[in-house]
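This report refers to the structure that appears directly beneath it.
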There are 2 protein chains.
Amino acid sequence: MASREQEILDAARKLFRQKGYYATTMQDIAEAVGLQKASLYHYIRSKEALLLQIAGETMRLFHAELDRIEAAGGSVAQQLAAAIRAHVKVVAEHQETLTVLFRESHALPPEHAEKVRGETGRYTRRLTELIARGVAASELRPVDPGAACLAILGACNWMYRWYSADGRLTPQQIGDQFVEVILHGLLAPGGAGRQARTPGRAP
Amino acid sequence: MASREQEILDAARKLFRQKGYYATTMQDIAEAVGLQKASLYHYIRSKEALLLQIAGETMRLFHAELDRIEAAGGSVAQQLAAAIRAHVKVVAEHQETLTVLFRESHALPPEHAEKVRGETGRYTRRLTELIARGVAASELRPVDPGAACLAILGACNWMYRWYSADGRLTPQQIGDQFVEVILHGLLAPGGAGRQARTPGRAP
């Protein structure tokens, strides 16, 4: 992509995050990159097209990581652990973009929103299928693969709200902890909690 | 609260979710409840005050559930399972409010944003302390309580984006599945995955 277009995209991403998509005008974006508003239209069609492009860039990253992990192979547990770590890393490195995507995706016009939903849906299905494969092979416990997948995505995506590069934990440490919780669970083996197989369900 | 005020709050919550907080005007809210804009100010001070009130209502619900669970007592595992189920239930029942809160909390003026952050921070600390207590008593595995808490909150909060009352799983079933994944983990005991204690970390 031409560097001017990338510059416009970066400026838009920042403004959308700070002011919100609705409150950001083409004039704001033009000023941020030192262009006349009319010249801006030489590079981009609309504010909506910018938001779609921002969303698309990030979705491609997530899919590229899954491609890499699937190509490397290994057990479902290994692939799932790698997917959790990769997802955490992408969220940490693209927090600004994801903040815009999660906050503003509802602002996309229907046909564009459909496109973004299609890509996120495809990613969710890929992860769900990986979990289903593990359940079928008894490598994973007999959970509902769809619900387990959404728990994983929630844990990882939610980072966009709390992660800080200056925070207590590095993305690597967060990834390790999430893998621990999600693959191994919180209950200590043989601990008091293990006996209560379904805690809270008893009368 | 007077029913007129509640009606205004409900209308604002709906409009904020549909159009976004920025794009919603006091005029929109007045029209939605059949009032003149000037009369609206008899009931509410500002759009910001409305958003703060919406956020406050929901935070009180989450704290009330934790109060109830702590009062009931039991093991950490039982309390944690109950907290996950309660959180899932509140998200399902107050999805519209949470959508507004998660999307628009950044739009609050600094002193109000501080208040919301204070309440969500207090809730996070309460859950983190519960997990830390379980780790200290060896009822839970030696995870990082802060990271584990944020994984739980992420899994539950993320529901605001995907939960549908017409969906495949009821809130009860989602709560059960999340408890399974978070307390017991995905790996089958004795399964192939269990041997790889830290999958993906080996070279």
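None of A:Glu129, A:Glu139 is under 17 Å from A:Val76 (Cβ atoms), modelled with pLDDT of 95 or more and open to solvent by 60 Å² or more (accessible area, probe 1.4 Å) except A:Glu129.
Every residue, every condition in (1) within 21 Å of B:Arg103 (Cα to Cα); (2) among the hydroxyl-bearing types (Ser, Thr, Tyr), yes or no:
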site: B:Leu9; (1), (2): yes, no
site: B:Arg13; (1), (2): yes, no
site: B:Ala23; (1), (2): yes, no
site: B:Gly34; (1), (2): no, no
site: B:Tyr41; (1), (2): no, yes
site: B:Arg45; (1), (2): no, no
site: B:Ala64; (1), (2): no, no
site: B:Asp67; (1), (2): no, no
site: B:Glu70; (1), (2): no, no
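In the condition set (1) in contact with a helix residue (DSSP H, G or I) (Cβ under 6 Å, 6 or more places away or on another chain); (2) more than 17 Å from A:Val76 (Cβ to Cβ); (3) in contact (Cβ under 8 Å) with a residue 24 or more places away in the chain; (4) open to solvent by less than 20 Å² (accessible area, probe 1.4 Å), A:Leu187 is compliant with all but (3). Selection of first residues in the stretch A:133-146 that are more than 8 Å from chain B (Cβ to nearest Cβ) and of second residues that are crowded, with 21+ Cβ neighbours inside 10 Å and part of a loop (DSSP other than H, G, I, E, B), restricted to Cβ pairs under 8 Å at least 6 apart or on distinct chains, gives the following pairs, ordered by first then second residue: A:Val135/A:Val143.
The criterion of being open to solvent by less than 20 Å² (accessible area, probe 1.4 Å), within 16 Å of the chain's Cα centre (by Cα) and among the small types (Gly, Ala, Ser) does not hold for B:Ala77.
Taking every residue in the stretch B:74-102 that is of a type in the set (D, E, K, R) and pairing it with any residue that is open to solvent by less than 10 Å² (accessible area, probe 1.4 Å), at least 6 positions away or on another chain, the pairs with Cβ-Cβ distances below 7 Å are B:Arg85/B:Gly175; B:Arg85/B:Val179; B:Lys89/B:Gly175. Look at A:Thr24 and say whether it is within 19 Å of B:Ala23 (Cα to Cα) and within 24 Å of the chain's Cα centre (by Cα). Answer is yes for this residue.
Pull up the stretch B:8-57, narrow it to residues that are open to solvent by less than 50 Å² (accessible area, probe 1.4 Å) and hydroxyl-bearing (Ser, Thr, Tyr), then point me to the one that is farthest from the other protein chains (Cβ to nearest Cβ). The extreme case among them is B:Ser39. The condition (being in a helix (DSSP H, G or I) and at the interface with chain A (Cβ under 7 Å from one of its Cβ atoms)) is satisfied by just one residue among B:Leu130, B:Leu150, B:Leu169: B:Leu150. Considering A:Ala71, A:Ala55, the condition of being within 30 Å of A:Ser138 (Cβ to Cβ) and in a helix (DSSP H, G or I) is satisfied by A:Ala71 alone. Total residues in the stretch B:9-52 satisfying the condition of being aromatic (Phe, Trp, Tyr) and free of Cβ contacts under 8 Å to residues at least 60 places away in the same chain: the figure is 2.
For the stretch A:142-174, what are the residues that are of a type in the set (Phe, Trp, Tyr) and surrounded by fewer than 22 Cβ atoms within 10 Å (Cβ to Cβ)? If the condition is that a residue be of a type in the set (Phe, Trp, Tyr) and surrounded by fewer than 22 Cβ atoms within 10 Å (Cβ to Cβ), then A:Tyr160, A:Trp162, A:Tyr163 are the ones that fit.
Scanning the stretch B:109-126 finds no residues that are assigned to a helix (DSSP H, G or I) and open to solvent by less than 10 Å² (accessible area, probe 1.4 Å).
The values are calculated or read from the model by the stated rules, or taken from the named source; none is laboratory data. Quick caveat, the model's predicted, so the values are computed rather than measured. Glycine gets a Cβ as well: all are built from the backbone with ideal geometry, and neighbour counts include every protein chain shown. Areas reflect the complete protein model, heavy atoms only, side chains present, ligands, DNA and RNA absent. Shrake-Rupley method; radii C 1.70, N 1.55, O 1.52, S 1.80 Å.
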